[in-house]
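Beneath this line is the structure, given in structure tokens, with notes to follow.
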Amino acid sequence: MSISLADARFLFDRATGLIRRGWLSLRTRGLRASWERVRAQLRRVPAAQRAALYFPAATPRVPARLATSAEPLASIVIPVYGQLEHTLRCLRALVEQPPQAAFEVIVVDDGSPDDSAEVLPTIAGLRHHRRAVNGGFIAACNDGAALARGEFLVFLNNDTVPQPGWLDALLQTFTDHPGAGLVGAQLLYPDGRLQEAGGVVFADGSGWNYGRHQSPVDPRYGYLRDTDYASGAAIVIPRTLFVQAGMFDVRYAPAYYEDTDLAFAVRAAGRRVLYQPAARVVHDEGTTAGTDTRHGAKASQVRNRERFAAHRAEALRQQLAADVVPSPATLHHRQRQVLVIDALSPMPDRDSGSLRLVNLMRLLQAEGAHVVFLPADLKHAGAYTEALQALGVETWFAPFVGGVPAWMREHGPRFDSVIACRHYVAREFLPLLRKHAPQAQLVFDTIDLHYLREQRAAEVAGDAARARTAQRTRVLELDVIARSDLTLVVSDAERALLATDAPAARVEVLSNLHRIAGPGAPFAQRRDLVFVGGFRHPPNVDAVRWFADAVFPRVRLRLPDVRFHCIGGDVVEAIGALAERDGITVHGHVPDIAPYMDGCRVALAPLRYGAGVKGKVNLSMAHGQPVVATSCAIEGMHTRDGHDVLVADDADAFADAVVRLHEDEALWTTLSRNGLDNVARHFSLDAARETVRQVFFAPRD
């Protein structure tokens, strides 16, 4: 096959460009960091680890109409200079996959030499602005911002294909994280590999596209986090903040480093710059400006780096040195890093232990820590894993973990504390943690004392074999407590027990953690009874069966129209069969439990055995829903019978309490009000904040 002069020139320029950039990298970053870049460039990402991407139909068709709004929340500003085919593809994506949020589209034509000026104004719903002379990217974006009507400005390159849900994910970030000032998308190559997961700026002003050429589903790049800057190819910023920050600084005209400088200005204004991996945008990098920094517009990148370094010299002194290889360990080096290990990924809508763990992670983050989560089963738990990542938790899973020992060897040295949940999980990990994270404080989180729960179950059942199993659990659990630096329990009752069973252990109480939902609907707008609890937990199975067999028939004699709603996942056959009884509805797992918390009049906690603090009681109280409970169910909950709960242990007394509370509005109102106060005092995030500070942030000897 013959090769033309143009082909030869291309190959020559590419080769010499690579050599030049490699030599420059060696000089500025050193051998190790440069080698990491080469490895990333050459590493093959398997197809299964690439993003599944949406592209609009390949057609030259001009979109007829954009579903824009005259009262937009977001103004999408697209600067263009030629490349009409790319612009139309970007617009077709906005037509075929429109955001849910109200938006407008402003295309700023920066003196395009092609047919853009004739074609683009024909698209209904598009605001087209043509500049009289070509001024470059910065001038075009600032012009578009001046024309915008939305609360948020969205800067979007014309050589992008925004993926479904991209803009709504970016905008939601400002709601979920009120301190956000600028949010950038995850940028992808058209082949599904990662182009940028936020940018890193080094102390010399040079930059690094974090995650370049890697898998976009790699845990290192899959969680929301602060970033030094986000590429202007797809970013969102409040319009007022953009103006306050001075817009894109014209000192960098015509382009390059204006987005980096804007991120520094946003931080200087006291706001956060965030990378949002849930917002994906395909970017055909270099379409307009090319990639060769020796020629054309791209040459501005080298010149503007020096301008940026001079302008932001003071802030750059806080940045990583250029020879540091960016990684989760180095990106979060200013924060305390806390590793959390549990058997499975937490499912906070299914069990109270999961809710407590997620809220503990929130508390750690609020105090400034970076949280890493490792499930012992190494599984990606779908929406539950993604929910942790959306909180900003660095969440690991297979195949990216590889072997746990190797992962611990790599990551262990960065952790200040490790929380290992449940004795059977902690027991497995303790040797690895002592070896590979010797500097870390090892915290054993019991969730509840398993041996206590098992002992009580054996007593209720009168089962000698179960009693022997409980004794074996006691030995194992106390051994883990002895080998840990600190143990967390959920109640003063459990701490008192360990004062006898493990007197040498350091033990702290960190109880259930709940957000206060508020009083909900008043008495007159509520009816019926509700139980909430997953049925993988044997005490819940026993509790519902006892209530259905021994208590509910007594209640129905006096309240014949009342219904019992049984809510919880993993329904076993014995519970499912209760649905055949008159007045009982077995719902199974309910994704949104709020209607039952706000609509049912009385919550039930008929537990005959168990340990720890019962999340079902906290949950109802946090919604202003009074509870009838057994003594076991309210252990360690700071409650008083008749003040914030009704307590009964035999079937007759329990039925009497249910009927009384269901019919007595004055009593119901008193318990509702006092229950809310109980949660706020003892089980809210604010109530636990000081304990978290003492355990994880106080100086250690």
> Quick one: Karplus J couplings for the stretch 237-246, per residue in order, coefficients 6.51, -1.76, 1.60, θ = phi - 60°, nearest Hz, x for Gly and Pro?
Replying inline: 8, x, 4, 5, 5, 4, 5, 4, 7, x
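In nm, what is the difference between 0.36 nm times the number of residues separating Gln97 and Glu665 and their Cα-Cα distance?
199.4 nm
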> Tell me, what ³J(HN,Hα) does each residue in the stretch 399-408 have, in order and in whole Hz, if you take phi through Karplus 6.51 cos²θ - 1.76 cosθ + 1.60 with θ = phi - 60° and put x for Gly and Pro?
Replying inline: x, 6, 5, x, x, 4, x, 5, 5, 5
>> Can you tell me the mean projection area, over all orientations, of the convex hull of the stretch 523-683's alpha carbons? Units nm², please.
In response: 8.2
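Would you work out if the stretch 335-509 is rounded, prolate or oblate? Take a ≥ b ≥ c from the square roots of the eigenvalues of the alpha-carbon gyration tensor; rounded if a/c is under 1.5, else prolate when a/b is larger than b/c, oblate otherwise.
Cα axes put the stretch 335-509 in the prolate bin.
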> When the Karplus curve 6.51 cos²θ - 1.76 cosθ + 1.60 is applied with θ = phi - 60°, which whole-Hz ³J(HN,Hα) does each residue of the stretch 517-522 get, with x for Gly and Pro?
Replying inline: 7, x, x, x, 6, x
> How much of the DSSP beta bridge set in the chain is antiparallel, as a percent to the nearest 5?
Replying inline: 20
> In degrees, nearest 10, range 0 to 90: what is the angle between the Cα axis of helix 423-436 and the longest Cα principal axis of the chain?
Replying inline: 40
>> Using only Cα atoms and rounding to the nearest 10 degrees, what angle (0 to 90) does helix 464-483 make with the longest principal axis of the chain?
In response: 50
> When the helix-only estimate is applied to the chain (DSSP H runs of n ≥ 4, each -39,500 (n - 2.57), divided by the residue count), what is the mean residue ellipticity at 222 nm, nearest 500 deg cm²/dmol?
Replying inline: -12000 deg cm²/dmol
>> Can you tell me the orientation of helix 258-268 relative to the chain, as the angle in degrees between its alpha-carbon axis and the longest Cα principal axis, to the nearest 10?
In response: 40
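Laboratory data are not the source of any read-out in this text; all were calculated from the coordinates shown. All values derive from a computational prediction rather than experimental measurement.
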